[in-house]
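Comments concern the structure below.
The values are calculated or read from the model by the stated rules, or taken from the named source; none is laboratory data. The model shown is predicted, which means the values in this text are computed figures rather than measured ones. For neighbour counting, all protein chains shown are included, and Cβ atoms are generated from backbone atoms with ideal geometry for every residue, glycine included. In case anyone asks, the SASA skips ligands and DNA or RNA and just uses the protein heavy atoms, side chains included. Shrake-Rupley method; radii C 1.70, N 1.55, O 1.52, S 1.80 Å.
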Amino acid sequence: MAVQRTFSIIKPDATARNLTGKITSKFEEQGLRIVASKRIRMSRLQAREFYGVHKERPFYDELVEYMVSGPVVVQVLEGENAVARNREIMGATDPSKAAAGTIRKEFAENIERNSVHGSDSPENAANEIRFFFSDTEIVG
Ligand code: IDP
Ligand code: MG
């Protein structure tokens, strides 16, 4: 498997609890390199578009409000098999089902306030990276 890039968000529940460094360490300790990173306040329009795939789900409006409720840190992670690797490091969506040692098991508050987003396929990773970063902001 070649070196790959994936997109990550440290979500508002985690920035509120000052966990940016601890979460970033999990990526670095497990072989992913942060090749782009910025702390932003997502607009409602951005959040609605970013999570557009979930717009028919009952939790969509609440999810959008949560994602704009505080700062987030958007990142590009690089490494071997980075998309799948990051999903392993994050753990299951529902922290009560996440494996020991994963970010969500250690830090998530509940199924919505689950501390991190990570792309679920290389195609989505490319689209999500382009949504938040220009090429010059990514330094590998
Ligand atoms: P993922 O983040 O593990 O890929 P998705 O199913 O893509 O999970 O859901 C996107 C986000 O929507 C989750 O990370 C979580 O913040 C929120 N979410 C997912 N399922 C629920 C739910 O049942 N109730 C409330 N929020 C949810
Ligand atoms: Mg998802």
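Odds and ends about this structure:
- Taking the criterion of being within 13 Å of residue 75 (Cβ to Cβ) and open to solvent by 50 Å² or more (accessible area, probe 1.4 Å), the residues of the stretch 20-45 that qualify are 28, 33, 37, 38, 39.
- Count of residues meeting criterion [open to solvent by 40 Å² or more (accessible area, probe 1.4 Å) and near ligand 1 (Cβ under 8 Å from one of its atoms)] in the stretch 93-109: 1
- When each of 64, 72, 83 is tested for being open to solvent by less than 20 Å² (accessible area, probe 1.4 Å), closer than 18 Å to residue 3 by Cα, within 13 Å of ligand 1 (Cβ to nearest atom) and at pLDDT 95 or above, the lone residue that passes is 83.
- Test: residue in the stretch 92-110 that is touching a Phe, Trp or Tyr at 6+ places or on another chain (Cβ under 7 Å) and either under 15 Å from residue 27 (Cβ atoms) or at pLDDT below 95 (or both): no
- Residue check for residue 121: within 12 Å of ligand 1 (Cβ to nearest atom), small (Gly, Ala, Ser) and open to solvent by 20 Å² or more (accessible area, probe 1.4 Å): yes
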